[in-house]
Every structure is written in C-alpha cells, then in structure tokens.
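Here is the structure we will look at, set down as structure tokens.
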Amino acid sequence: MKLFLVQAPLWGITPPIGIAQLGAYLKGQGHEVHAFDVNLGLYLKDPNRLYAFEAGFSSQWTRPDWVKPYLEANQDFIASEYIEPIKTAGEAVVGFSINSTSLVASQELARLMKAAVPGLKVVFGGQHFSLSAEAAHAALESGAADAVVLGDGEEAMAELLRTWGEGGDPSSCKGLWVMKDGKVFSTGARRQMDLDELPFADFTLFDLSKYENYDSGLILLATSRGCVRSCAFCGYRVSTPGYRSMSAERIHAEILHQRTLRPDARGIFFYDLIINGDMEVLEGLCDRLIADKARLPWEYCHCLVRPEMTEDICRKMKRAGCRNVQIGLESGSQRVLDLMRKGQKVETMEKVVRNFRVAGIEVKANFMFGFPGETEEDAEKTLKFLRRIAGHKPKVYPSYTFTLLEPASPLNKHKEIFAVKAEGPDSDIFWESWDKTNTYPVRFERYRKFCAEAKTLGLEIEYGYTMPIEAFQAHWLARYYEHKKDWKNALEQYDVYLSHDKDNAQMKAARDACAKHLQPA
C-alpha cells in the first residue's frame, strides 16, 4: 500500500527519527512509503516568524485556539504540498507520529486530509497514546483517526496495512485501538520488539539538506527505548515500560551503514533518552569505535548520573569520540532529589561532572525549579551546588517549564501525594501547591535567580529559546495571568512580549482578546 508518514508541529528542526525507523521497516515489508515533515515545511515557509517553532513556545501548539488559525492561514501551502500528493496517490494510508505538542496540529491536519480525500484511512501512533487511553478514545470517536497504535509501531502497522489491503477486519490486529460496533475496542497487547531486529533508519525519506542538524553534518541514531529510572516527573518512562537497547554490535553496524551513505558526516547525535542505561553495551560500543580509526565525534548524548561513570569509563568514552554529554542534575538538594525519586546522590553528581571534565568531555547539566516540596532553602542549596561545580565549566540548561506535570507521570497521576492543585487549561504548567507557597511566579523567580547566578559565574547557559529572557517571561506570565483571570496584568505582559515580536499575529489576537475583558460591559 501507499503510506504517507506525517510529522506535524511541534517537533525540532531535525529529521523525525521515529518516522525514519518506522518507514524503513514498512518499506522492508513491501510498502511504498513517503514522509511529510509538515513541521519543517511550515518553519521554512515563514523564516520571519520569530520563536513559534522553538521549544520555549511549545505550549502554544497544545492550544486549538492558536493552532487552528495558524493552519488556516497556511491552508493553501498545506493543500499543495501535502494534501494534493495524497489525493493523486490512489488508495493510501496516512500515519501520524504524535507527541503531546503535536497532537492538536495532527488532529487538524488529519481532518483537512480526510475532508479532501474521501475514504482516506488515518492512523495515529506515538508516545502520546501510550500515555493516555482517553486520547486514543477521543481520536477515534471524533473520526480523526481510524486506528491508534499503542507501543512499538513497526509490527502493528505492518499487520494493519496488510489487513486493510486484503479487506480484512483491523480488530484482529494486536496492538491497536479501533472502532468496532460503534465503540472503541482494544485489540490487545503486542510483544515489545527486540531492537536488534529493526532495519537501519531510512533518512532518504527526507531532504536532509533542509535540516539544521544535517547542515552541520550529524548522523542521528536512536538505539534504545525506555529508561532504567522511574523519576516522578517523567511521563516518557511510563509510556515506554522497561528499558531496551540495541546490542553494541547492532549500534556499531548502523553507524558504519549511515557513514557509508554519508561520507561527509562529521558527527553522531544519539537521540536516546539515555545512552548509559546498559553499561555493558556502552563499553562494548566504545571498544568498537576506539578500534575504528575513522570514528566520528559524538554530540550531546544523554547520560544518567550513576556511580559506574568513573573517570576510566569517561576517558574511554572520550577515546571513542564522545565530546560532550547532557546529564539531568535537576537539584542541588538531596531532599528534593529524593522527592523526585531521581535515584542519585548529590555527591555522585559532583563526582560525575568532575570525571567527565577530567576526561575532556564537556557537560551540559539540566536543572529544574519548584518541584513540589522544594523550599527556598532547597533552592539556595541548588545555587550553592552550582557554585561548587562551576570550576568544571558545565554548560547549564535551566528547564524553561520549571516543573511540568507531564501526562501519565507519577507527579501528574498522583497529585494528592505531592500536595499539588491543578485545575483548568494549562494547569500542567500553572499548578500550585496546596499551601500556595509554590506558584508559577515563585518558580519563575527561582529560575531567574539561577540564570543570573550562572551568568555571574561565567557559565554558558542554554535557554531552550532564542528570544530575550524578557520576552520569554512576558509570554508565560501573560498566559499565567490569563489562567488566573487577571486581565490587567495579562495585558501588560502581552504588550511587553509584542515589543519584542511585533508581527506575531496569534499573540496580537490573544492580546486583543485579553483587552476585551477590560472593556465596560
């Protein structure tokens, strides 16, 4: 069958590696596969649109009142670039890979495609639906999707396409939600795949010259699924139970394959949640790459803080090509780390940062702010910790959401345990503690103090957005005051934001809607 795999906004300006893996598998099953990176297309279409495709703007893409007008303003482009090829393809299936920030755009694009192509079958899959059965039900009941894949998509999609191609009943395929007799029906669980069975990711599905990471010559790899930790704030761990990794041999084979296809490649980007979930695999891969005289440097692989990350292991990673790592430190308070169920000690964090730097590996350290139970004393401990490790010159990444209630995370599912109140739209960001000592402005102030301290210490800061911090703060505080129905303060913050991004039509519309609340009845 002809299959169109779609990445809707919001996604980074990198090739969607999940689609590259899924597309390779389905091509191997004999299907004609095409990929549409709508996120990239819209990003390139309007290069003067500031900030809209940055991670720091991501919550806008979860708002139907923002997404629908944006897509309507670009409907001619969407129709010519993405809908017309589907109309002329004959019988076809469209599959969307979806996370929480691409759900709304995916639903709207699916609606547009179905309206233009009668009888078109649409499949939703990805992390979002593993997190929320309710989301799967809503997608099917609304008619946006004809099937929703749960968990690994490769085998489930292959069987579904084969069944549809033969005119069969999709309810016989394991690993799906479908409509049956007018009701949402689960077809039952499917086995988790052995990742060594996956074919090499197929990036010929994309025009690589258009991507920023590929402009700098990086090869993307996804070698594992899941995580060995169970942090209270993380929803991804819940959506992908357990931890699976490719073997060292399989990872090295893919590197050799992708390097053969791209002899100009100058580096590797591991897109894994963690690269050191299995220390035996990590060491085995390092041994193979050290023996490979044409090895490539690694760019920002994600690593857990664990005692096994000794100076010797760090030096081996350096010899294998590792230039920099990203690690989740989150807090300098052991009490807060324990509340997070982070599974690491402050003293181990200091040792690991030191070991990487002694080995010659640059460190990017993630930090969070205002986790439930964090006090001003805890926040000060984080600043003191930052001062202690400043001599190792880590780059710091302060989380721009501070502490987000991720879907299906233990923190979100058990708010009563963490004494958190979250009501209304955007409450995943604007939640507050029961005693009201931990609110969004409080978290923002701790974030601001951290950024100021890092700047004073001479540390490089990666904000997750390129807009000035004043614009970022105004954007989010405007949203917060709207959430609290404090229209006067919201209007003031919108005006501050628009002084930095005056041509943003959606933000102008939000500002005008806010102003109407202040007009006399």
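The values are calculated or read from the model by the stated rules, or taken from the named source; none is laboratory data. Every value quoted in this text rests on a predicted model; they were computed, and no experiment measured them. Every residue, glycine among them, receives a Cβ derived from its backbone with ideal geometry; neighbour counts consider all protein chains shown.
Candidates in the range 476-520 are the residues that are among the basic types (Lys, Arg) and either in the same structural domain as Phe53 (by TED's automatic domain parsing) or in a helix (DSSP H, G or I) (or both); of these, the one that is surrounded by the fewest Cβ atoms within 10 Å (Cβ to Cβ) is Lys516.
Every test in (1) touching a residue at least 40 places away in the same chain (Cβ under 8 Å); (2) surrounded by fewer than 21 Cβ atoms within 10 Å (Cβ to Cβ); (3) of a type outside the set (D, E, K, R) is passed by Phe96 save one, and that test is (2).
Filter the range 111-160 down to the residues that are polar (S, T, N, Q) and in a loop (DSSP other than H, G, I, E, B), then identify the one that is surrounded by the most Cβ atoms within 10 Å (Cβ to Cβ). This residue is Ser132.
The residues of the range 73-110 that are in a strand (DSSP E or B) and either among the charged types (D, E, K, R) or over 12 Å from Val6 (Cα atoms) (or both) amount to a single one, Ala92. Filtering the range 414-428 to residues that are surrounded by 16 or more Cβ atoms within 10 Å (Cβ to Cβ), modelled with pLDDT under 90 and either among the aliphatic types (A, V, I, L, M) or part of a loop (DSSP other than H, G, I, E, B) (or both) leaves only Asp426. Note on the range 272-304: among residues that are under 16 Å from Gly217 (Cβ atoms) and under 19 Å from the mean Cα position of the chain (by Cα), the one that is modelled with the lowest pLDDT is Tyr300.
Checked against the criterion of being among the hydroxyl-bearing types (Ser, Thr, Tyr), modelled with pLDDT under 90 and touching an Asp or Glu at 6+ places or on another chain (Cβ under 9 Å), the candidates Ser216, Ser186, Ser224, Ser239 yield just one match: Ser216.
Consider the range 17-47 and keep the residues that are among the charged types (D, E, K, R) and outside any strand (DSSP E or B). The one that is nearest to Phe270 (Cα to Cα) is Lys27. If I filter the range 345-362 for residues that are under 16 Å from Ile461 (Cβ atoms), surrounded by fewer than 19 Cβ atoms within 10 Å (Cβ to Cβ) and of a type in the set (Gly, Ala, Ser), do I get at least one hit? No, there is no match, as no residue in the range 345-362 is under 16 Å from Ile461 (Cβ atoms), surrounded by fewer than 19 Cβ atoms within 10 Å (Cβ to Cβ) and of a type in the set (Gly, Ala, Ser). Taking Lys488 as the residue in question, decide whether it is under 22 Å from Tyr397 (Cβ atoms) and touching a residue at least 12 places away in the same chain (Cβ under 8 Å). For Lys488, the condition - under 22 Å from Tyr397 (Cβ atoms) and touching a residue at least 12 places away in the same chain (Cβ under 8 Å) - is not met. Return the residues of the range 94-109 that are out of contact with any Phe, Trp or Tyr (no Cβ under 7 Å at 6 or more places or on another chain) and more than 16 Å from Asp37 (Cβ to Cβ); say none if nothing qualifies. Passing the criteria: Ser100, Leu103, Gln107, Glu108. For the range 393-413, the set of residues classified as touching a strand residue (DSSP E or B) at 6+ places or on another chain (Cβ under 7 Å) and buried (at least 17 other Cβ atoms within 10 Å of the Cβ) consists of Pro394, Val396, Tyr397, Pro398, Ser399, listed by residue number. Within the range 432-467, being assigned to a loop (DSSP other than H, G, I, E, B), without any contact (Cβ under 8 Å) to a residue 60 or more places away in the chain and within 25 Å of the chain's Cα centre (by Cα) holds for one residue alone: Thr439.
Considering only the range 283-296, I want to know if a residue exists there that is in the same structural domain as Leu383 (by TED's automatic domain parsing), free of Cβ contacts under 8 Å to residues at least 60 places away in the same chain, touching an Asp or Glu at 6+ places or on another chain (Cβ under 7 Å) and closer than 20 Å to Ala201 by Cβ.
Step one: list which residues in the range 283-296 are in the same structural domain as Leu383 (by TED's automatic domain parsing), which gives 283-296.
Within this subset, residues satisfying the condition of being free of Cβ contacts under 8 Å to residues at least 60 places away in the same chain are 283-295.
Narrowing the set further to residues that are touching an Asp or Glu at 6+ places or on another chain (Cβ under 7 Å) leaves none.
No, the range 283-296 has no match at all.
Among the candidates Val33, Val117, Val122, Val94, the residue that is outside the structural domain of His500 (by TED's automatic domain parsing), within 22 Å of the chain's Cα centre (by Cα), modelled with pLDDT of 90 or more and more than 28 Å from Phe472 (Cβ to Cβ) is uniquely Val94. For the range 466-521, the candidate set comprises residues that are modelled with pLDDT under 90 and of a type in the set (Gly, Ala, Ser); within that set, the residue that is farthest from Leu71 (Cα to Cα) is Ala521. For the range 167-205, the set of residues classified as within 27 Å of Gly226 (Cα to Cα), among the β-branched types (Val, Ile, Thr) and surrounded by fewer than 18 Cβ atoms within 10 Å (Cβ to Cβ) consists of Thr204 only.
In this structure, is Ser224 among the polar types (S, T, N, Q), farther than 22 Å from Leu273 by Cβ and either in the same structural domain as Val93 (by TED's automatic domain parsing) or in contact (Cβ under 8 Å) with a residue 12 or more places away in the chain (or both)? Judged against the criteria, Ser224 is not a match. Only one residue in Gly360, Gly332, Gly370, Gly328 is assigned to a strand (DSSP E or B) and either free of Cβ contacts under 8 Å to residues at least 60 places away in the same chain or under 23 Å from the mean Cα position of the chain (by Cα) (or both), so which one is that? Selected residue: Gly328, the only one of Gly360, Gly332, Gly370, Gly328 that is assigned to a strand (DSSP E or B) and either free of Cβ contacts under 8 Å to residues at least 60 places away in the same chain or under 23 Å from the mean Cα position of the chain (by Cα) (or both). You will find that of Arg229, Arg191, the residue that is in a loop (DSSP other than H, G, I, E, B) and assigned by TED's automatic domain parsing to the domain that holds Arg244 is Arg229 and no other.
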